[in-house]
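Peer 1: Before anything else, here's the structure in question.
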Amino acid sequence: MESKLIPLIFAVIFCIPIKTKAQQINKPNIIIILTDDQGYGDVGFNGNRQLKTPNLDRLAANGTIFTNGYASYAVCGPSRAGLITGRYQDRFGYSRNPLFAPKDSTTGLPLNEETLAEALKKGGYKNMAIGKWHLGAHASQRPLKRGFDEFFGFLSGGHKYLPEQLTRNDISEVNSQFDAYNTKLLKNNTRVDETAYLTDAFSREAVNFVEENHKKPFFLYLAYNAPHAPLQATEKYLSRHPTIKNKDRKTYAAMVSAVDDGVGLLLDKLEELHIEKNTIVFFLSDNGGNESKGAYNGVLRKGKGSLHEGGIRVPFAVQWPGKIPKGIKYENPIIALDIFATAIAQANVSSKNTIHGKDLIPYLNADKKEAPHEELYWKMYDKQSYAVRKNNLKFIKNNKGEIGIYDLSKDLSEKNALKDSSTQKELKRLYSKWDSLNIKPMFDGLRQNKAYNLKHPDRFKNVEKY
Ligand code: CA
């Protein structure tokens, strides 16, 4: 009795939070499975019958499908910056796809932003990032400096899938933006000789990480670059799509099949280890599909790079068996920023910065009946395009400078712009208020590649060998 009382008295005197073993055990594991440029219509759970995704459908059937789930941007880099910080990325100037600039500490995620890995670290989590990073290649911005204990993947925005094409030994052999797509993979700080198809390698590492770390809370950020270009697949997956005649579509479908197999292996592992009820698994794409490269956004207008629905509404689902409803569709608009808020709330840690998402769990359980967000916002600085959604009404200024209001409850394809000047005025006012808190882009992006090279002629010179 006395031996138990003494630490308790100390805890009371020094205000030390008393954590019971049960509290520690109950922190759920967090897994984010992110795909790259997968279209809204490119999953079985959103109605696709051509492209088979049995394991993504299994994840969705185990939990909740978000029919109105959004990315915070319409291309890769800024969308990932939003996801990993839980904040609208224009608040910190991450408004462009960053260049591969390993000597430039300002091209990437600012260090005063907190990643989800850094936040969860405060709760004792073990964190791993796998796949595409795209949040800065400078030594100060790499995953192991941003809260992750382990990393397996590549730092730039795109990568080749066939291991025989990974010919650059390290970044000292990179001489252009696109050379970076051929580098050998990084395992923590070491370059490795990979022999597997890239997507299979990422799935293997994910399963191994879970196997090795399942006895304590973990966070796995599994950021597949599939099915982003280049369209490359192996016969194992191509052969599953004998009826698809279009070559790009067939290869794209095969790339999604590889992801789907990996998701199956991961879900199997959670069940085998009996941790599926203590693991929240999110699945989403970072932006809409590029229909000129094999993707399908269903009835949604446009695709990757556009703030019309096809560019930002993505396949999105979450499972947490026993904790959130199973087999339902959640129709209220949600956004990728909500993942950060959900994860830290369930892990019982606080964020360093103001976050813009909501913990979705009480909404999914109907403890909260209202919609999680009054409005959602998007901005593409270089295209002078923006959008705001309030309930079912969306005001958009698109890439062509056209403006329109659409009622998404009746006009999902954004075909019939409403003539409603008072709504337009109100949504523009809300947007301007939101935008007043944003800052200008912090770094040059892919579109400024040539200009950046002129300003930084030593961009690829004397780069360290790692
Ligand atoms: Ca993308």
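The values are calculated or read from the model by the stated rules, or taken from the named source; none is laboratory data. As the structure is a prediction and not an experimental result, all values here were calculated from the model. Cβ placement follows ideal geometry from the backbone for every residue including glycine, while neighbour counts extend to all protein chains displayed.
Peer 1: Does the range 134-154 hold any residues that are in contact with a Ser or Thr (Cβ under 9 Å, 6 or more places away or on another chain) and farther than 18 Å from Ala119 by Cα, and which are they?
Peer 2: The answer is His134, Gly136, Ala137, His138, Ala139, Phe154.
Peer 1: Follow-up. Name the residues in the range 46-70 that are hydrophobic (A, V, I, L, M, F, W, C), more than 24 Å from Asn391 (Cβ to Cβ) and crowded, with 22+ Cβ neighbours inside 10 Å, would you?
Peer 2: Leu51, Leu56, Leu59, Ala60
Peer 1: Given the conditions (1) more than 17 Å from Phe340 (Cα to Cα); (2) within 16 Å of the ligand (Cβ to nearest atom); (3) without any contact (Cβ under 8 Å) to a residue 24 or more places away in the chain, and given that Lys145 satisfies all but one, which numbered condition is not satisfied?
Peer 2: Every condition holds for Lys145 apart from (2).
Peer 1: A further question on this structure: Within the range 375-393, take every residue that is touching a strand residue (DSSP E or B) at 6+ places or on another chain (Cβ under 8 Å) and without any contact (Cβ under 8 Å) to a residue 40 or more places away in the chain and give me the one that is nearest to Gly93 (Cα to Cα).
Peer 2: Looking at residues that are touching a strand residue (DSSP E or B) at 6+ places or on another chain (Cβ under 8 Å) and without any contact (Cβ under 8 Å) to a residue 40 or more places away in the chain, I get Gln384.
Peer 1: I would also like to ask the following. When both residues are 6+ apart or on different chains and their Cβ atoms are under 8 Å apart, which pairs have a first residue that lies in the range 53-80 and is in a helix (DSSP H, G or I), and a second that is more than 16 Å from the ligand (Cβ to nearest atom) and among the aromatic types (Phe, Trp, Tyr)?
Peer 2: Filtered contacts from the range 53-80: Leu56/Phe45; Asp57/Phe45; Ala60/Phe45; Ala61/Phe45.
Peer 1: Determine, yes or no, whether Ala258 is crowded, with 16+ Cβ neighbours inside 10 Å, assigned to a helix (DSSP H, G or I), over 19 Å from the mean Cα position of the chain (by Cα) and away from the ligand (no atom under 16 Å from the Cβ).
Peer 2: no
Listed here are the residues, each with its yes/no results for (1) β-branched (Val, Ile, Thr); (2) outside the structural domain of Ser95 (by TED's automatic domain parsing).
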| site | (1), (2) |
| --- | --- |
| Gly303 | no, no |
| Leu307 | no, no |
| Pro325 | no, no |
| Ile328 | yes, no |
| Phe340 | no, no |
| Ser350 | no, no |
| Ile355 | yes, no |
| Asp382 | no, yes |
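Peer 1: Which of the residues belonging to the range 424-448 are of a type in the set (S, T, N, Q), outside any loop (DSSP other than H, G, I, E, B) and surrounded by fewer than 16 Cβ atoms within 10 Å (Cβ to Cβ)?
Peer 2: Across the range 424-448, the qualifying residue is only Ser432.
Peer 1: Being within 24 Å of Ala119 (Cα to Cα) and of a type in the set (Lys, Arg) is the filter; apply it to the range 204-247 and report the residue that is nearest to the chain's Cα centre (by Cα).
Peer 2: Lys216
Peer 1: Contact list please: Cβ distance under 7 Å, first residue in the range 279-307 and small (Gly, Ala, Ser), second residue in a strand (DSSP E or B) and more than 11 Å from the ligand (Cβ to nearest atom), pairs at least six apart or on different chains.
Peer 2: Gly288/Arg313
Peer 1: Which is in contact (Cβ under 8 Å) with a residue 60 or more places away in the chain, acidic (Asp, Glu) and touching a strand residue (DSSP E or B) at 6+ places or on another chain (Cβ under 6 Å), of Glu211, Glu205, Glu194, Glu150?
Peer 2: Exactly one residue qualifies, and that residue is Glu205.
Peer 1: Among helices (runs of 4 or more DSSP H) lying entirely in the range 291-405, which contain 3 or more residues that are within 16 Å of the ligand (Cβ to nearest atom)?
Peer 2: By residue number, 309-312.
Peer 1: Further question on the same structure: Would you mention how many residues in the range 42-85 are more than 16 Å from the ligand (Cβ to nearest atom) and not polar (S, T, N, Q)?
Peer 2: Of the residues in that region, 16 qualify.
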